[in-house]
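Q: Here it is, the structure in full.
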Amino acid sequence: MDAFRAIVIVSVAVAIAACSTPFVIRFARSLDAIDRPNERKVSARPAMPLLGGLAVWLGCAGGLLAAHFYGEPISLSTEVVGFGIGATILITVGAWDDKFGMSAIPKLIFQIIAAAIAIKAGFGLDFFTDPITGTTYPVPLWILWPVSLVWIVGVTNAMNLIDGLDGLSCGLGAIIAATLTILCWQAGQWTGVVIGLAFFGALIGYLPFNFPPARIFLGDTGSLLIGFVLSLLAL
């Protein structure tokens with residue numbers, strides 16, 4: 001991975017997310033997938049389109065394809081496949097919730113399924129480093145699985161909960177994604193670098209449409225996706 005390839009991945013993701021967002025806005029309105037303000041919500045603007053996460057996911061997928069065809073053949077790796085399947089599950093769940101609504105228990109079950117797929121693909125707390133001695137210890141599976149599940153599901157829901165103000169969840173997600181991508185680069189975790197670059201670019205491409213005054217909301221489609229991706233990048 002070099003700087004020019006990184007720029008290509010980010011640029012492709014930015015362009016696809018930015019170009020697809022106006023179409024997602026019209027698509028959300030055609031489906032009547034719009035925000036309906038109530039006493040629990042910060043925004044009081046009626047008929048705001050949801051499903052913004054679709055544009056983010058399209059941008060991220062485009063960035064990953066650019067990475068694959070431009071010299072970083074990661075698209076068929078186990079980790080990327082697991083990431084893609086888990087993210088697609090949450091995108092589907094979020095879109096259903098934005099359109100029809102979904103209670104907490106089924107949503108949690110699907111989050112656990114997506115997290116389990118990602119862990120099986122290689123995203124997990126595999127090692128623990130003693131901060132004093134610097135000694136690294138392998139984490140047994142009976143600890144790896146529950147801790148990793150709690151982390152992924154917890155971060156996924158944390159980003160969902162802060163999605164209430166224009167640009168907040170998307171902007172914060174972009175900052176965290178950039179930071180985690182730099183850390184992955186320093187650690188030589190190239191799958192994380194490629195996913196992070198693609199996702200950062202997708203968020204940046206979508207963000208102008210979500211700045212105040214927003215023209216589209218992420219909805220659960222986007223907020224669940226952001227939390228899921230950031231939790232995996234951290235792992």
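The values are calculated or read from the model by the stated rules, or taken from the named source; none is laboratory data. None of the values given here were measured: they were computed from a predicted structure. Cβ atoms come from the backbone with ideal geometry, glycine included; neighbour counts cover every protein chain shown. Ligands, DNA and RNA are stripped out before the accessible areas are found, and what is left, the full protein with its side chains, is counted by its heavy atoms. Shrake-Rupley method; radii C 1.70, N 1.55, O 1.52, S 1.80 Å.
Q: Which one of the conditions (1) among the hydroxyl-bearing types (Ser, Thr, Tyr); (2) modelled with pLDDT of 90 or more; (3) surrounded by fewer than 17 Cβ atoms within 10 Å (Cβ to Cβ) does residue 156 fail to meet, given that it meets all the rest?
A: It fails just one condition, (3).
Q: For segment 159-190, give me the residue count where each residue is at pLDDT below 90 and closer than 17 Å to residue 7 by Cα.
A: 1
For (1) touching an Asp or Glu at 6+ places or on another chain (Cβ under 6 Å); (2) at pLDDT below 95; (3) among the aliphatic types (A, V, I, L, M); (4) open to solvent by 60 Å² or more (accessible area, probe 1.4 Å), each residue gets a yes or a no:
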residue: 87; (1), (2), (3), (4): no, no, yes, no
residue: 92; (1), (2), (3), (4): no, no, no, yes
residue: 101; (1), (2), (3), (4): no, yes, no, no
residue: 112; (1), (2), (3), (4): no, no, yes, yes
residue: 121; (1), (2), (3), (4): yes, yes, yes, no
residue: 130; (1), (2), (3), (4): no, yes, no, no
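Q: Quick check on residue 217: is it surrounded by fewer than 21 Cβ atoms within 10 Å (Cβ to Cβ) and either at pLDDT below 90 or not in a helix (DSSP H, G or I) (or both)? Working first, answer last.
A: Numbers: surrounded by fewer than 21 Cβ atoms within 10 Å (Cβ to Cβ): no; either at pLDDT below 90 or not in a helix (DSSP H, G or I) (or both): yes.
So residue 217 fails the test.
Q: Further question on the same structure: Out of 172, 125, I need the residue that is more than 13 Å from the chain's Cα centre (by Cα) and surrounded by fewer than 21 Cβ atoms within 10 Å (Cβ to Cβ). Which one?
A: So the residue among 172, 125 that is more than 13 Å from the chain's Cα centre (by Cα) and surrounded by fewer than 21 Cβ atoms within 10 Å (Cβ to Cβ) is 125.
Q: Here is a check on your reading of the model: is residue 229 in contact with a His (Cβ under 9 Å, 6 or more places away or on another chain) and either in contact (Cβ under 8 Å) with a residue 12 or more places away in the chain or open to solvent by less than 10 Å² (accessible area, probe 1.4 Å) (or both)?
A: Details: in contact with a His (Cβ under 9 Å, 6 or more places away or on another chain): no; either in contact (Cβ under 8 Å) with a residue 12 or more places away in the chain or open to solvent by less than 10 Å² (accessible area, probe 1.4 Å) (or both): yes.
In short, no.
Q: Under 6 Å by Cβ, and 6 or more places apart or on different chains, what pairs join a residue from segment 199-211 that is open to solvent by 10 Å² or more (accessible area, probe 1.4 Å) with one that is modelled with pLDDT of 95 or more?
A: 200/174; 200/177; 200/178; 204/14; 204/174; 209/21
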